[in-house]
Amino acid sequence: MEEDRNNKKAKDQESEEKTDDQVFMGQETEIEEYMAKPAEEAEEAEETEEAEETEEAEETEEAEKDPSPGILEIIYGMIFSPKATLSEVDRKHLVGKAFFLFIFIQLVASVSFLYLYSPELREFGLVGMVPFVLSVTVSFAIFGWFFNTAVFQLLAEFLGGSGRGYRLFATLGVCYVPSLFTAPLSLLVGPFYPSLYRLMAAVISLWIMVLQIMAIRTVHGLSTGRSVLTFFIPLLAVILLGAMMLIFSLILIMNLGVPDIPDFPGW
């Protein structure tokens with residue numbers, strides 16, 4: 001009986017030791033798996049980055065093999081086939097041509113606008129300031145182009161977009177091609193039919209807006225609804241901010257009142 005008890009105790013001790021060993025081995029495995037996770041995540045990130053670089057290199061090679069369109073072809077395409085032209089500008093990274101075209105468009109539009117109001121400029125003796133006005137106008141236009149691209153890029157990424165900022169910059173730049181129509185409108189319509197000129201200018205602005213929504217959709221692969229949302233969120237934010245400032249000003253005036261303007265001698 002004592003031998004059986006001893007054997008039983010020995011077996012129990014062996015089983016306990018095996019259980020402890022198994023627990024220890026399990027803990028070691030869990031620790032190894034936990035330590036291996038960051039390495040696996042890093043490898044996955046590297047693989048994803050390499051895949052993106054490879055894809056971009058392949059697209060660049062394809063773009064180099066396929067000749068890029070000229071300035072006139074881009075203008076023609078943005079008027080008659082904007083979807084295909086935007087895809088081509090995005091795929092071939094035509095940032096330089098987009099920049100040159102944007103400056104040219106802004107100069108044409110600014111000169112047309114100044115010509116329309118040339119009588120007023122002559123009346124007030126401001127003709128000599130035309131070069132300064134042109135340089136300031138173009139500079140502000142370029143700044144607005146950069147700013148809009150940054151805002152749209154951020155919002156598009158929040159909404160699931162996957163495009164690159166410089167591609168969006170290029171496609172948004174060529175979207176201003178319809179502004180070229182302001183030149184003949186200023187010469188032929190503006191001086192004689194101001195109301196019709198303003199109506200057609202509004203149509204051109206709406207045209208540019210639609211093209212920019214198409215550019216966001218093309219570059220980031222978003223749905224039409226999300227592209228529209230990306231475009232209008234900044235506008236809605238500005239309207240909301242303006243409304244809040246107006247309400248705050250009205251409340252301030254109602255509480256403090258309008259200060260009396262003192263009477264000056266001779267008034």
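LEU172 meets the conditions (1) in contact (Cβ under 8 Å) with a residue 40 or more places away in the chain; (2) in a helix (DSSP H, G or I); (3) farther than 24 Å from LEU185 by Cβ in every case but one. The failed one is (3). Of ARG217, ARG198, ARG226, all but one fail to be basic (Lys, Arg) and closer than 20 Å to PRO119 by Cα; the exception is ARG198.
Evaluated against (1) in contact with a helix residue (DSSP H, G or I) (Cβ under 8 Å, 6 or more places away or on another chain); (2) in a loop (DSSP other than H, G, I, E, B), TRP207 falls short on exactly one condition, (2).
Results for (1) surrounded by fewer than 19 Cβ atoms within 10 Å (Cβ to Cβ); (2) modelled with pLDDT under 85, shown as yes or no for each residue.
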position	(1), (2)
LEU168	no, no
GLN212	no, no
SER227	no, no
PRO234	yes, no
ALA237	yes, no
ALA243	yes, no
LEU246	yes, no
ASN255	yes, yes
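Just to be sure, is ILE247 touching a Ser or Thr at 6+ places or on another chain (Cβ under 9 Å), without any contact (Cβ under 8 Å) to a residue 60 or more places away in the chain and not basic (Lys, Arg)? Taking the combined requirement at face value, the residue does not satisfy it. For the stretch 228-244, a residue qualifies if it is among the polar types (S, T, N, Q) and free of Cβ contacts under 8 Å to residues at least 60 places away in the same chain, but none of them does.
So for the stretch 158-167 (the condition being closer than 15 Å to MET214 by Cβ and assigned to a helix (DSSP H, G or I)), does at least one residue qualify? Yes, the stretch 158-167 has at least one match. For ILE208, the conditions (1) at pLDDT 95 or above; (2) touching a Leu at 6+ places or on another chain (Cβ under 6 Å) are fulfilled apart from (2).
The values are calculated or read from the model by the stated rules, or taken from the named source; none is laboratory data. Bear in mind the structure is a predicted one, so any value in this text is a computation, not a measurement. Virtual Cβ from ideal backbone geometry, glycine too; neighbours counted across all protein chains shown.
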